[in-house]
Amino acid sequence: MTDLQTVVREIAAEMAARHDRGAVANYIPELARVDAGSFGMVVIDAEGKVHAAGDADTPFSIQSISKVFTLTLALGMVGDRLWRRVGREPSGNPFNSIVQLERECGVPRNPFINAGAIAVTDLILSGHQPREALGEILRFLQFLARDQTIYVDRAVAESEKRTGFRNIALANYMKSFSVIDNPVDFTLGVYFHHCAIAMSCRQLATAGRYLAHAGRNPDSGLSVVSPERARRINALMLTCGHYDGSGEFAYRVGLPGKSGVGGGILAVAPGKASIAVWSPGLDANGNSHLGRVALEMLAKRMGWSIFGTDDA
Ligand code: GLU
């Protein structure tokens, strides 16, 4: 039988030695300061055993990975009404594209591109003050990860607020189509701050366990979402979780996954494991380069691709 801990250690050692690390995101100035040499990986299996290697406990900016959790929260709050605001199709466009929005009357393609996530954030915000909405999101992550120390990195949030002209444009554009209900500043404030939540691979892999186990946290036995909802969130992660690199990720890795420009990826092997990987260097689509390579190796060696194994 393949020993998971050995596989995780071997992958981390191989990644540490690689020179093709991609480029750290620099459009958010605070993210440009991160060391491109970092690499962390945590796999939590169905029994709850944690397999960790590298910088597994270093908090990093989860950025767009937060969108999986805001989608989960928003679906819990407004149910399928959410799909009147946001589509469920892959965009085939960069994460911050504005072109498609015009053609589609301000309705974002899916909840994981920036426009879609801003629209989802707006739904969570409705009826609350921005501070309350952000607190709700942060507490949800602390609950899922069973760790109260998870925090919002204010410096990253401020940095993005100062330079987030694209997102400001997207939000204003959607507002003109009444896809955003709240003041644009409020919605964006909550969005920038949840993207700036800092978590380690260990915390992230723990938080993602409900997606790997039909909506239930197997430790507590508590249900986070219904099995149907977990399956659907996973489907969206597979088809939309890596922007215009989603097809390539499905082709190479074959697991539902969500990336963030902080270099993290949360991936799910349904019924088997929740996985978090972090390497800050990005590829041309804004997805972690070595994070994807590491997940490809893991899925192949463990035979975890949802599309089948390589065995004859
Ligand atoms: N906060 C980032 C942005 O809105 C998230 C992008 C990402 O992680 O892909 O540009």
With a 1.4 Å probe and every protein chain left in place, work out the accessible area per residue of the chain in Å², rounded to a whole number. 41
Mind grabbing the accessible area of W83 for me, 1.4 Å probe, Å², rounded to tens? 60
Computed over the stretch 202-299, the relative contact order (Cα-Cα under 8 Å, seq sep at least six) in percent reads 25
³J(HN,Hα), Karplus 6.51/-1.76/1.60, whole Hz, each residue of the stretch 90-107, x for Gly, Pro: x, 8, x, 10, x, 4, 10, 5, 10, 4, 4, 4, 5, 5, 9, 6, x, 9
How large is ³J(HN,Hα) for each residue in the stretch 265-272, as worked out from phi by the Karplus curve 6.51 cos²θ - 1.76 cosθ + 1.60 (θ = phi - 60°), to whole Hz, x for Gly and Pro? 9, 9, 10, 10, 9, x, x, 10
Whole-percent carbon and sulfur contribution to the accessible surface of the chain (1.4 Å, no ligands, DNA or RNA) stands at 51
Probe 1.4 Å - accessible area at I137, Å² to nearest ten: 0
Check I197: other-chain or 5+ apart residues with amide H under 5 Å from its amide H, H built from backbone geometry? I62, Q63, D153
Calculated [θ] (222 nm, deg cm²/dmol) that DSSP helices of n ≥ 4 give over the chain, each run adding -39,500 (n - 2.57): -13500 deg cm²/dmol
For the stretch 75-152 and the stretch 1-40, distance of Cα centres in Å: 27
Modelled FRET efficiency - R0 25 Å, E10 with D311, Cβ distances, 0.05 increments: 0.80
What number, in percent, do you get for the relative contact order of the chain if the mean sequence gap of Cα pairs under 8 Å and at least 6 apart is divided by its residue count? 26
Taking a ≥ b ≥ c as the square roots of the eigenvalues of the Cα gyration tensor, with a/c under 1.5 meaning rounded and otherwise prolate when a/b exceeds b/c and oblate if not, the stretch 145-202 is prolate
Quick one: of K161/K272; K161/K300; K67/K300, which pairs are farther than 29 Å apart, Cα to Cα? K161/K272; K161/K300
Using the Karplus curve 6.51 cos²θ - 1.76 cosθ + 1.60 with θ = phi - 60°, what ³J(HN,Hα) values do you get for each residue of the stretch 22-38, in whole Hz, with x for Gly and Pro? x, 10, 5, 4, 10, 6, 10, x, 5, 6, 5, 7, 6, 6, 5, x, 5
Which of the trypsin sites (Lys or Arg not before Pro) found in the stretch 114-161 are in a DSSP loop and have at most 14 neighbouring Cβ atoms, other than their own, within 10 Å? R146
What distance in nm separates the simple spin-label points at F165 and D35, each placed 7 Å from Cα in the Cβ direction? 3.3
Taking GluC sites (Glu not before Pro) as exposed when in a DSSP loop with at most 15 other Cβ atoms inside 10 Å, the chain has its longest clean stretch at 105-312
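The values are calculated or read from the model by the stated rules, or taken from the named source; none is laboratory data. Keep in mind that this is a model prediction, so the values were computed, not measured. Glycine gets a Cβ as well: all are built from the backbone with ideal geometry, and neighbour counts include every protein chain shown. For accessibility, only protein heavy atoms count, side chains too; no ligands or nucleic acids. Shrake-Rupley method; radii C 1.70, N 1.55, O 1.52, S 1.80 Å.
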